[in-house]
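The values are calculated or read from the model by the stated rules, or taken from the named source; none is laboratory data. Worth saying up front: this structure is predicted, and the values here are computed from it rather than measured. Cβ sites come from the backbone with ideal geometry, for glycine too, and all protein chains shown count toward neighbours.
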Amino acid sequence: MIDWKTKAKQQQEDYLNDLISLMKIQSVRDDTQATDEFPLGPKPAQALTIFLEMAQQDGFRTRNIDNVVGYAEWGEGEETLAILARLDVMPAGNSWDTDPFDPVIKNGNLYGRGASDDKGPGMAAYYALKTLKDMDVKFNKKVRFIVGTDEESDWTGMKRYFEVEPEPTFGFSPDAEFPLINGEKGNVSLKLDFEGGNDGSVQLKSFHSGLRPNMVPREAEAQVTSDDNASLVNAFTEFVAKQPVTGEAVAESDGVKLIIVGKAAHGMEPRNGENAGTYLASFLQTYDIKGAAGNFITLIGQYMHQDSRLHNFDLAFKDDVMGDLTMNVGLMNFDEQDGGQIDMNFRYPKGITPDEIQAKLAMVTTPKNVKVIQGAFMVPHYVDASDPLVVTLMDAYRHQTGDVDALPEVVGGGTYGRMMKRGVAFGALFAHTEDTMHQANEFQPVDDLIMAMSIYMESIFNLVTD
């Protein structure tokens, strides 16, 4: 029997060198620098090019498709096993203890943007495949290691792949957690559109919070004026002292700047974070802010604050298998002249549709002269636990970890696994490790990444030699 753990440990030095070289690339989608050649901006394309050059040097057949997606291929056969990873990352945000794009290893942990989500796990799966190739394992299936560059936004790259290439027979995405995810909720973003304008004794000049719809905002800032700015500053200080956030009120010549710092988290479970924007709105909604600005603050502070399960919209919904409908309030922006928008990301189980969610929201927002705009959506995805793919992957996980009672899970997150009818998410976050995806000081223990590589080796081996 092959000692997969030893095989993985032997790859550690080369793996970390290649991984760190990719983590140094700030591969965040940047539409301001998009061109025909680089539709997502130059940095995601740079990461893709470097990875494909690396794979070509390792002996794989490679292809770059439009600088948005690519693959490394090995083996032959009528069936295709796909491993769907990615090279894009979330914006770093503030409050890092280290440079997010200059990775460091401290106390056995690899710190940097992408360590956990998803360059670290993706490269662990790549090195598992590379090791099997170098061992001269006889593959009875074709394996494609496919890398996208836009998972955190619109999935532009992976959608393009499935437009021009046939759907693989089955596969997994190393972009979630262990033991295995065989069900993913649907995903839809809805936007509330506000006109400009102020009324009332307190004026909201501007309000800004959030980086992405699927990320709990860590920071929020508002500019307000009132007849008694000193009193407003004191009230804000007292408010913050009683909340699980920090903040600062700065009196300026033209009003008061209010700043709140909460806790970022992945938008699939808003309860894991402290939404700075909704806390700020919950403070402001006690003041006499009216008109469009008042509607903006009321909807956030009264209806959305600490209500990820949508009770205030009469929208609470739960499926016995897939769990709760959830809402993340990810982007909140308002300007008294130009108006504002609230971008929300919903993870919905089977049994409810985006149209039904939109209709319920409209019952509250329409009387406030607020438009609801529905964005793109993905339907819920589920692969039965008895599918041979799920059984094979779970067996490898149980064998290597000793966690014989582990069972597949259904989550709110969305991964590339759902692009295939027989696609699942498989690792690489272990239950014993803190989830820092989308947060400052993102990290992954090096030992976890090497263990994941070992699990991927056994899994791929069993899938391509059966």
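Tally the residues that are at pLDDT 95 or above and of a type in the set (Asp, Glu), restricting the search to region 370-424.
Looking only at that region, the number is 4.
Mind checking which residues of region 196-252 are among the acidic types (Asp, Glu) and not in a loop (DSSP other than H, G, I, E, B)?
Answer for region 196-252, where residues must be among the acidic types (Asp, Glu) and not in a loop (DSSP other than H, G, I, E, B): Asp199, Glu219, Glu221, Glu238, Glu248, Glu252.
Across region 367-390, what is the total count of residues that are over 25 Å from the mean Cα position of the chain (by Cα) and either more than 21 Å from Gly417 (Cβ to Cβ) or acidic (Asp, Glu) (or both)?
Counting residues in region 367-390 that are over 25 Å from the mean Cα position of the chain (by Cα) and either more than 21 Å from Gly417 (Cβ to Cβ) or acidic (Asp, Glu) (or both) gives 6.
Taking region 435-455 on its own, how many of its residues are farther than 30 Å from Lys350 by Cβ and modelled with pLDDT of 95 or more?
13
Just give me the residues in region 424-465 being assigned to a strand (DSSP E or B) and in contact with an Asp or Glu (Cβ under 9 Å, 6 or more places away or on another chain), in sequence order.
The answer is Val424, Ala425, Ala428, Leu429, Phe443, Gln444.
Can you tell me which residue within region 158-192, out of those that are in contact with a helix residue (DSSP H, G or I) (Cβ under 7 Å, 6 or more places away or on another chain) and assigned to a helix (DSSP H, G or I), is surrounded by the fewest Cβ atoms within 10 Å (Cβ to Cβ)?
Phe162
Return the residue satisfying two criteria in turn: it lies in region 253-272 and is assigned to a strand (DSSP E or B) and among the basic types (Lys, Arg), and of such residues it is nearest to Asn229 (Cα to Cα).
This residue is Lys257.
Can we say Thr80 is more than 21 Å from Asp134 (Cα to Cα) and in the same structural domain as Ser116 (by TED's automatic domain parsing)?
For Thr80, the condition - more than 21 Å from Asp134 (Cα to Cα) and in the same structural domain as Ser116 (by TED's automatic domain parsing) - is not met.
Just a yes or no: is a residue in region 51-70 in a helix (DSSP H, G or I), touching a Gly at 6+ places or on another chain (Cβ under 6 Å) and crowded, with 17+ Cβ neighbours inside 10 Å?
Yes: region 51-70 contains one or more residues that are in a helix (DSSP H, G or I), touching a Gly at 6+ places or on another chain (Cβ under 6 Å) and crowded, with 17+ Cβ neighbours inside 10 Å.
With the checklist (1) surrounded by 19 or more Cβ atoms within 10 Å (Cβ to Cβ); (2) farther than 19 Å from Met304 by Cα; (3) among the polar types (S, T, N, Q) in hand, flag the one item Asn345 doesn't pass.
(2)
Which members of region 386-406 meet the condition of being touching a helix residue (DSSP H, G or I) at 6+ places or on another chain (Cβ under 8 Å) and assigned to a loop (DSSP other than H, G, I, E, B)?
Correct list: Asp403, Val404, Ala406.
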